[in-house]
Every structure is written in C-alpha cells, then in structure tokens.
1. Quick one: of the DSSP bridges fully inside the chain, what percent are antiparallel, nearest 5?
2. Taking only the C-alpha atoms, wrap a convex hull around the chain and report its volume per residue in Å³ as a whole number.
3. If one takes the longest principal axis of the Cα atoms in the chain, at what angle in degrees, from 0 to 90 and to the nearest 10, does the Cα axis of helix 89-100 lie?
4. Given the C-alpha atoms of the range 13-65, compute the convex hull and give its volume per residue in Å³.
5. Quick one: 3J(HN,Hα) in Hz for the range 203-214, Karplus 6.51/-1.76/1.60 with θ = phi - 60°, rounded, Gly and Pro as x.
6. Count the net charge of all other residues whose Cβ sits under 9 Å from the Cβ of K28, scoring Lys and Arg as +1 and Asp and Glu as -1.
7. For the range 1-119, state what percent of all Cα-Cα pairs lands in each successive 10 Å bin, counting from 0 Å until the bin that includes the largest distance.
8. Say the cut-off is 22 Å between C-alpha atoms; which of K127/K182; K91/K130; K28/K232; K40/K114 go over it?
Amino acid sequence: MKIDIQNLSHSYDIQVLHDLNLNLESYKSIGIIGVSGSGKSTMLRIMSGLESPTSGTVRINDSDVTSEEYRRSVGFVFQSHNLFPHLTLEKNITLILEKTRGMGKKEAQEQACKYLELLHLGDQVHKLPKNVSGGQAQRASIARALSIDPQVIFLDEPTSALDPVLTYEVLSAVKELRSTGKAFVFVSHVMSFVRSFAEYVIFMHDGRIGEMGPPSILDNPSTPELRDFMEKEP
C-alpha cells in the first residue's frame, strides 16, 4: 500500500487536523492510535474517502481519495456493525453487491456465503442482526466490506462497543484475514492487537502526527506524549 498525504488539514467547528504530511510505501497493515479527540478517526475517514479534506491532498495507491473510482475500491467497517436490521446477514451483503456492483442474485449469494464462511458465520447466514451476538454482527460487517473485493479495508475502532470476550473474537477474525492479501488501515485502542497486527503505527496527538514507526515504538517511545499515552494503557 502506498500513502501520500500532503499538507492535510481538516475542520468542523474547530480545526481537528493540522497540516499533516506522510509518505509511506509497502506496508500492508497500518494502525492509528491516540486519545479520544486526537484526530485519528477523522484521518481514517478522509483516507477512506468518506470525508473530503478541508485542504491538502491524500492519495492512496496513487488514487485521489476524493474520486468516485477510489471510493468504490475500499471497504469501511464502522465502530458499530451498521447492518440493516430488517435484512439477514446474507441479504446485508447481497443487497450491496447487486445494487452497487451489478451482480446477479446467484453470484451475489455465492460471494456473500464465501465471506461469511471466511469470518466463521456460515451457520448464521439467514439470521437477522438482532438474533446474533454483537461479535457476530461485527464480523458480518467485515464480511460485507470484504465482499466488494476492496484494495484497502479501513476499520474504525471495530470493537469499541464490544465486551472483552467479543473483542477478542472479532480481532482474532481480523488477524486471520492476512491471508486475503488485502491492505488494512485501522484505528484501535487495543494495544495488544496493534502490536500483533500492525506493520506500522501512527500516533496522533492534538490533530498532528506525534510519532510513527514500527510497533516497537510502543515499547520505547521517543516523545513524552506517546510515553504518557502508553503509561495509561489499561
């Protein structure tokens, strides 16, 4: 995965990202960490094309993230599963494939079952989201993101609404997805997951990149901000 961020700033009522610059290449899994309000989720949403930057440019794999072509090439997993409550897990996926990818019903069903099986949900395909556990629903949302065959999958705190047991369940499933060859950019507060899954870590502080490097920076911070953040790790 190639990431090129130039002079990126973003504002809502206040400025949340301040003149970010980043150039990375060849990493398949990038973790973004930081305290609440540090700008990490905003950065993720801009990188995924969900939001357009106030100023500056972001290119992923040489594509402008504001282009429709790029947006169709990525998958996004939200903090809560975001499934349609009136549709089965299978239908949550086939609807997207039929409406946005033009797949026929049979092909869409095969694709949905393939990724639900991959996420260990083969026996849950005909259930509604309310009739499965929170961890299963979140895994179904990951299967949905995978089903469109994205270049990059973005995950925004995918276990924030889950208890420790379901958190472990979901993150274990994500780790298994290395075999798909997809690239991942994720925000997580679970440092054990960041250490084991990320190839590169970006620490956000006050809307800026405070420190970045391999996961080993978590054990030997070079800035007082990251050191303080890690000391407060549960």
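Readers should treat all values here as calculations from the given coordinates under stated rules, not as data from a laboratory. Note that this is a predicted model, so its numbers are computed, not measured. Methodologically, a virtual Cβ is constructed for each residue, glycine included, from the backbone with ideal geometry; neighbour enumeration extends over all protein chains shown.
1. Numbers: 19 of 36 bridges.
In the chain, DSSP labels about 55 percent of beta bridges as antiparallel.
2. Values: hull volume 29.1 nm³, N = 234.
Expressed per residue, the convex hull around the Cα atoms of the chain is 125 Å³.
3. Once rounded, one gets 80 degrees.
4. 95
5. Whole-Hz 3J(HN,Hα) from phi for the range 203-214: 9, 9, 8, 6, x, 10, 7, x, 6, 7, x, x.
6. Local net charge: +1.
7. For the range 1-119, the pair-distance distribution reads 11, 35, 30, 20, 4.
8. Numbers: K127/K182 27 Å; K91/K130 14 Å; K28/K232 28 Å; K40/K114 32 Å.
From K127/K182; K91/K130; K28/K232; K40/K114, over 22 Å: K127/K182; K28/K232; K40/K114.
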